[in-house]
1. As a test of understanding, state the convex hull volume per residue of segment 255-296 from its alpha carbons, in Å³.
2. Calculate the spin-label point distance for Ala68 paired with Arg348, positioning each point 7 Å from the Cα along the beta-carbon direction, and give it in nanometres.
3. Per 5 Å bin from zero, what fraction in whole % of the C-alpha pairs of segment 308-377 is there, up to the bin with the longest pair?
4. Which FRET efficiency, nearest 0.05, do Arg252 and Arg209 yield, Cβ-Cβ r, R0 22 Å?
5. To the nearest 20 debye, what is the magnitude of the charge dipole of segment 111-268 about its Cα centre, counting +1 on the Cβ of each Lys and Arg and -1 on the Cβ of each Asp and Glu?
6. How big is the Kirkwood radius of the chain, worked out from every pair of different alpha carbons and given in Å to one decimal?
7. Under the 0.36 nm per residue contour assumption, what length would be gained going from the current alpha-carbon distance of Arg3 and Asn175 to full extension?
8. Mind putting a number on the dipole of the chain about its Cα centre? Charges go on the C-beta only, +1 for Lys and Arg and -1 for Asp and Glu, and I need it in Debye to the nearest 20.
Amino acid sequence: MNRRGAQRLRGGHPWVFRSDVVQAPALPAGVVRVEEENGTPLGWALWSPRSEISLRRLEVDPSQTIDASWWHAALARSIARRAPLANVANAYRLVHGEGDGLPSLVVDRYDDSLVIQLLSAGMDAWTDTIVESLRELTGCTGILARNDPAARDREGLPREVRLLYGDVPRTIEVNEHGVRYLAAPWDGQKTGAFLDQRENRVMIGALARGRALDCFAYHGSFALHLARHATQVSAVDISAPALARVNEHAERNGLRNIEPVQGDAFEVLRAWHRDGQQFDTIVVDPPAFAKTRGALDGAIRGYKDINLQAMKLLAPGGLLFTASCSFHLSRGLFFDMLSDAVADSGRRFALRSITGQPLDHPELINVPETGYLKGALLEAME
């Protein structure tokens, strides 16, 4: 690779783009040795012949051999980092791609089942080896490949959902700090559930009081935690099937204070403000409005609008937890958006906490692509 590509690797970022590859290997997708133009070795990387991201570095040491033993050790290290989570939940991420030094690989645990995503051609070539190591390391009863993200299109790979080992149920009960809900690994969002908000759900759930609101509730994961301390919870989502699952989850936890509300969250919150309603605890956790850089301006308007509506509904002394899972919306832009919403609300809000990604979704300081989730806990001062 050229000097620019080499500098990128030396700076700690694992990606090398096609434009920085001086001599491409005449090999199928897999693992290749990489070096600078002057012959200086730079380790080993995953090779994707059709991708704009041609190389993803796996190993710095050129004397290493990338074989089944190497994969087993690398996966074992990643899994070991999650050991504390086994005491509080039976569902969490075991491998977070670049964040764990295993670029383009995602492995999520749901009780005794694993759901994996192999998002590059180079990683996909090692599927069998990875599956065998995961079986040995976890003792799982089934491994499902949720290889349906659009990222595989750019790699020349098919989008598919395929059973790789054993059996994986259509639904699996998740126990998260004592709250139980169903994950849907075959056809649910992401790999079956939103695992990255686990600690944030616990945080706002413990602080919840009075009348609470969960916007974009999906299957009610935030609502379930809120309902343990709030008097009553309104769970708003546009999807009737999602709200049916909210009801099911409420019954599973013996909770009778959750009211599903079907509708567009923007419109519902505006109507409630016109009616003079107020809430003591509000969660705003929308889907990724900015899935591309080109969608960012419109996404910022959407984030500001929904947060402004929530701020208008919040009772004095109330708490608002708000989050964004859009990678293209940086932390700086996120807080600029919140500042603008506060200004338009005409109220004073105090920042009580800033949140990021949990233990099982490590964000590397010098690899910005590993980070996407950011959140803030605000208190209405008047």
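Every number in this text was worked out from the coordinates using simple rules, so none of it is lab data. The model shown is predicted, which means the values in this text are computed figures rather than measured ones. Heads up, the Cβs are rebuilt from the backbone with ideal geometry, glycines too, and the neighbour counts pull from every protein chain shown.
1. Residue-normalised Cα hull volume stands at 126 Å³.
2. My value for the distance between the label points is 6.7 nm.
3. 3, 15, 25, 23, 14, 9, 7, 2
4. Once rounded, the FRET efficiency stands at 0.40.
5. It works out to roughly 500 debye.
6. The answer is 22.2 Å.
7. Length gained, Arg3 through Asn175: 57.0 nm.
8. 580 debye
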